[in-house]
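First comes the structure, then the notes that go with it.
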Amino acid sequence: MSEIHEIVKRQFDKQALNFSNWSVTKNIEYQKGYFEFCEISAQDNLLDFACGSGEYAIFAAPRVKSVKGVDISKGMIEIAQKQAFKKNLKNINFLCNPVEQTPFKDGSSSIVICRSAFHHFNDYNKIFDEMIRCCQKGGRISVQDIAAYPVERIDNFFEEFEKLVDVSHHKTLTKEFVTSLYEERKIKIKNKFEIEIELNFQEYLSHAKQSEESEKKISDLIEMGLKDPEISKFFILKKGVLFFKRNVFLILGEK
């Protein structure tokens, strides 16, 4: 297992429960919106790459033919399995395995998705190729993730912030780069969508686990950012509660 695999696995095993309980993870409106965006139907066999604690796979299960979820974190998969068992779902299976090379058969799923995970990866091409391999001809492939800020200086600030919040964060990709993964492989792009969301700062910290040293660095970094005329535009105070703006990019293609 590579060093980056070990970092991701160790971090998500540690913060699995925090991540599962995060309001963004549990957000039904986000799940419904993504379900509609991906044009998912009752006849679909869904494969969820880097499925985390399984919330989306579990949301989809009663609405599709079958669901498989795969994730490198044993802690995440254990939570996913427990949640599926509690809901008595019979058409869902979870597997603890790296997503770069999975045991699924070629073309075994009609839709393959990856939500909120590409910023943890470093071998994007290999993982995307694996998603394509698992997708049947005429099936759909979708990636949804946070998108890089368009101004380099601002993006650098938030990349430093993200890595302090979660050491398994690797790199936030641009929407252009994610789009290029489809274009280079002749995957027909059916739809793209970008939305700006506002994230509760304190709650965002709580969805992961930080060391005391990282907590101090985050505090100093945010103090600096709030004093910066450009960076501070991405922060909002609502009734004394701090939020920050983040763009999310969704793309759907057909194999």
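The values are calculated or read from the model by the stated rules, or taken from the named source; none is laboratory data. Everything numeric here is computed off the predicted structure, so don't read it as measured data. When we count neighbours, we look across all protein chains shown, and the Cβ atoms used for this are built from the backbone with ideal geometry, even at glycine. The accessibility values were calculated without ligands, DNA or RNA, using every heavy atom of the protein model including side chains. Shrake-Rupley method; radii C 1.70, N 1.55, O 1.52, S 1.80 Å.
Per the listing Leu89, Leu95, the residue uniquely open to solvent by 10 Å² or more (accessible area, probe 1.4 Å), in contact with a helix residue (DSSP H, G or I) (Cβ under 9 Å, 6 or more places away or on another chain), over 20 Å from Cys135 (Cα atoms) and at pLDDT 95 or above is Leu89. The single condition among (1) assigned to a helix (DSSP H, G or I); (2) within 30 Å of Phe128 (Cβ to Cβ); (3) among the polar types (S, T, N, Q) that Ser232 does not meet is (2). When Phe49, Phe35 are screened for being of a type outside the set (Lys, Arg), under 16 Å from the mean Cα position of the chain (by Cα) and surrounded by fewer than 20 Cβ atoms within 10 Å (Cβ to Cβ), only Phe35 passes.
Can you name the residue in region 98-122 that is of a type in the set (Ser, Thr, Tyr) and open to solvent by less than 20 Å² (accessible area, probe 1.4 Å) and, of all such residues, is farthest from Phe249 (Cα to Cα)? Applying the filter and picking the extreme gives Thr102.
One line per residue, one yes/no per condition, for (1) part of a helix (DSSP H, G or I); (2) loosely packed, with under 14 Cβ neighbours inside 10 Å:
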site	(1), (2)
Asn125	yes, yes
Glu130	yes, no
Gln136	no, no
Val143	no, no
Arg153	yes, yes
Phe158	yes, no
Ser214	yes, no
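Taking first residues from region 211-233 that are within 15 Å of Ile154 (Cα to Cα) and partners that are of a type in the set (D, E, K, R) and open to solvent by less than 70 Å² (accessible area, probe 1.4 Å), the Cβ contacts under 9 Å between residues at least 6 apart in sequence or on separate chains come to Lys233/Lys245.
Taking region 86-123 as the region of interest, how many residues are touching a Gly at 6+ places or on another chain (Cβ under 9 Å), in a loop (DSSP other than H, G, I, E, B) and at negative phi? Selection size over region 86-123: 1. Among what's in region 180-204 and is more than 16 Å from the chain's Cα centre (by Cα), in contact (Cβ under 8 Å) with a residue 40 or more places away in the chain and not in a strand (DSSP E or B), pick the residue that is farthest from Asn125 (Cα to Cα). Per the criteria, the residue is Gln202.
Step by step: first the residues of region 176-206, then only those that are of a type in the set (A, V, I, L, M, F, W, C) and open to solvent by 30 Å² or more (accessible area, probe 1.4 Å), then the one that is farthest from Val248 (Cα to Cα). Which residue is that? Among those residues, the one meeting the criterion is Ile189.
Looking at region 222-242, is at least one residue of a type in the set (D, E, K, R), in contact with an Asp or Glu (Cβ under 8 Å, 6 or more places away or on another chain) and open to solvent by less than 60 Å² (accessible area, probe 1.4 Å)? No, region 222-242 has no match at all.
Looking only at region 31-80, filter to residues that are hydroxyl-bearing (Ser, Thr, Tyr) and in a helix (DSSP H, G or I); which one of those is nearest to Phe94 (Cα to Cα)? Here the residue is Tyr56.
For every residue, the table says whether it meets (1) open to solvent by 20 Å² or more (accessible area, probe 1.4 Å); (2) among the small types (Gly, Ala, Ser); (3) modelled with pLDDT under 95.
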residue: Glu39; (1), (2), (3): yes, no, no
residue: Ala57; (1), (2), (3): no, yes, no
residue: Lys68; (1), (2), (3): yes, no, no
residue: Ser73; (1), (2), (3): no, yes, yes
residue: Phe85; (1), (2), (3): yes, no, no
